[in-house]
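Data block below; observations after.
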Ligand SMILES: [Zn+2]
């Protein structure tokens, strides 16, 4: 991002917000002249690529994320609106990262975190499908509190 004042190429983002129409407002500061300015970016205009485990790049595809989440939520008390919001939140977080390329692992983590808050069964299902993206130790750490909780409370 070029500074509009001195044309220096490096700026830092000091604040970033995603609005409901999926545009991102970024407050930036020039690393050279230290003046501040605001940019607005339309999400549709900045296509993001996903870096797969084998190093190949594919276009970011929210439908793929959605279908993964839908599978995890099959027959769970999760509404389509909740799934919409979750997909939207994951997408917004990826765009807020500001990187043009995102590893699949990052997407997996975002979905993990969102699903964990939404529905524990869906979370465990998603985790079991996508575990190849996760380090085994991370995985046990994520799952252990859920398994412990189950043992204490057999109704959940
Ligand atoms: Zn500047």
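The values are calculated or read from the model by the stated rules, or taken from the named source; none is laboratory data. It should be emphasised that the depicted structure is a prediction, and the values quoted were computed from it without experimental measurement. All Cβ positions, even for glycine, are placed from backbone atoms using ideal geometry, and neighbour counts span all protein chains on display.
Select from region 20-37 the residues that are at pLDDT below 90 and either touching a strand residue (DSSP E or B) at 6+ places or on another chain (Cβ under 8 Å) or in the same structural domain as residue 63 (by TED's automatic domain parsing) (or both) and list them in ascending order. Walk me through how you get there before you give the answer.
Just the residues of region 20-37 that are at pLDDT below 90, to begin with: 20-26.
Scanning region 20-37 gives 22, 23, 24, 25, 26.
Name the strands (runs of 3 or more DSSP E) wholly inside region 11-118 in which the number of residues that are under 28 Å from residue 1 (Cα atoms) and in contact (Cβ under 8 Å) with a residue 60 or more places away in the chain is 3 or more. Lay out the reasoning, then the answer.
Values: elements: 11-18, 23-30, 36-42, 49-51, 57-59, 101-103.
Hits in region 11-118: 11-18.
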